[in-house]
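Peer 1: Let me begin by handing over the structure; questions about it come next.
The values are calculated or read from the model by the stated rules, or taken from the named source; none is laboratory data. Bear in mind the structure is a predicted one, so any value in this text is a computation, not a measurement. Methodologically, a virtual Cβ is constructed for each residue, glycine included, from the backbone with ideal geometry; neighbour enumeration extends over all protein chains shown. Remember, those area values only see protein heavy atoms, side chains included, never the ligands or the DNA or RNA. Shrake-Rupley method; radii C 1.70, N 1.55, O 1.52, S 1.80 Å.
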Amino acid sequence: MNKSKKEWMRGLREFKYDLALTLNFKADMPKAAAICAARHFWNCVDIQVYGKAAVKRSGMRVPRVCAIEGEAGLRNWHYHCGVVIPPEVKASPELFMSQLKLRWEELREAGRFSKIERVYDNEGWIGYICKNADVGGEQICLQTSVFFSQA
C-alpha cells in the first residue's frame, strides 16, 4: 500500500512525541537485518518498561513511530523514531533517554553515531521523519500495538 507524504503526516499527528531518536546501524548491513535489529531493540525496551507478561499477553508497547531510511550500497541504514514516554516510565525524560541510548549501544548491529533528544517541534519532527515517504525511500511503521509499513 503506497501512501503519500501528506497521508502519512496526517496519521502521525495522532501523537505528541516526547523524544526523537536517530539510531544508526553498522555499515553495509542489509535492510532486513537492520529491521530485525530495530525490532529486537524495541522488544527489549517494551519488556523493560512493561514486563514480559504484559508485552506478550496484552501487547503493551511504548507508543512510537519509526522510519528506517537508507539505500543499499549508497548510504547506511538508520532509524528515526518519535517516542511518546508512557506514564509507566517513572524515570525523568533525561534518564529514559540515557537508558534508550545504552540499550541501543548494547546491540552488535548498532553503528557509531546515534542521537536521542527531546521533541520541541512536533510538526517539524513529523515532517522530517516523513521526508522520503512519498519517494519510496523510507519504510514507516507506526507502533502502538499495531505494526504498519509502507510497501
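Each row is one residue, and each column tells you yes or no for (1) part of a loop (DSSP other than H, G, I, E, B); (2) under 12 Å from the mean Cα position of the chain (by Cα).
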site: 17; (1), (2): yes, yes
site: 44; (1), (2): no, no
site: 53; (1), (2): no, no
site: 87; (1), (2): yes, no
site: 94; (1), (2): no, no
site: 103; (1), (2): no, no
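Peer 1: As an exercise: evaluate residue 88 against (1) out of contact with any helix residue (DSSP H, G or I) (no Cβ under 9 Å at 6 or more places or on another chain); (2) without any contact (Cβ under 8 Å) to a residue 60 or more places away in the chain and give the number of the one condition it does not meet.
Peer 2: Just one mismatch for residue 88, condition (1).
Peer 1: Output the residues belonging to region 64-85 that are open to solvent by 20 Å² or more (accessible area, probe 1.4 Å) and either in a strand (DSSP E or B) or at pLDDT 85 or above (or both).
Peer 2: 71, 75, 76, 77, 78, 84, 85 - these are the residues of region 64-85 that are open to solvent by 20 Å² or more (accessible area, probe 1.4 Å) and either in a strand (DSSP E or B) or at pLDDT 85 or above (or both).
Peer 1: Are any residues in region 98-114 among the aliphatic types (A, V, I, L, M) and open to solvent by 30 Å² or more (accessible area, probe 1.4 Å), and if so, which ones?
Peer 2: Answer for region 98-114, where residues must be among the aliphatic types (A, V, I, L, M) and open to solvent by 30 Å² or more (accessible area, probe 1.4 Å): just 102.
Peer 1: So, in region 115-129, of the ones that are touching a strand residue (DSSP E or B) at 6+ places or on another chain (Cβ under 6 Å) and closer than 14 Å to residue 14 by Cβ, which residue ends up most open to solvent (accessible area, probe 1.4 Å)?
Peer 2: Residue satisfying both the conditions and the ranking: 125.
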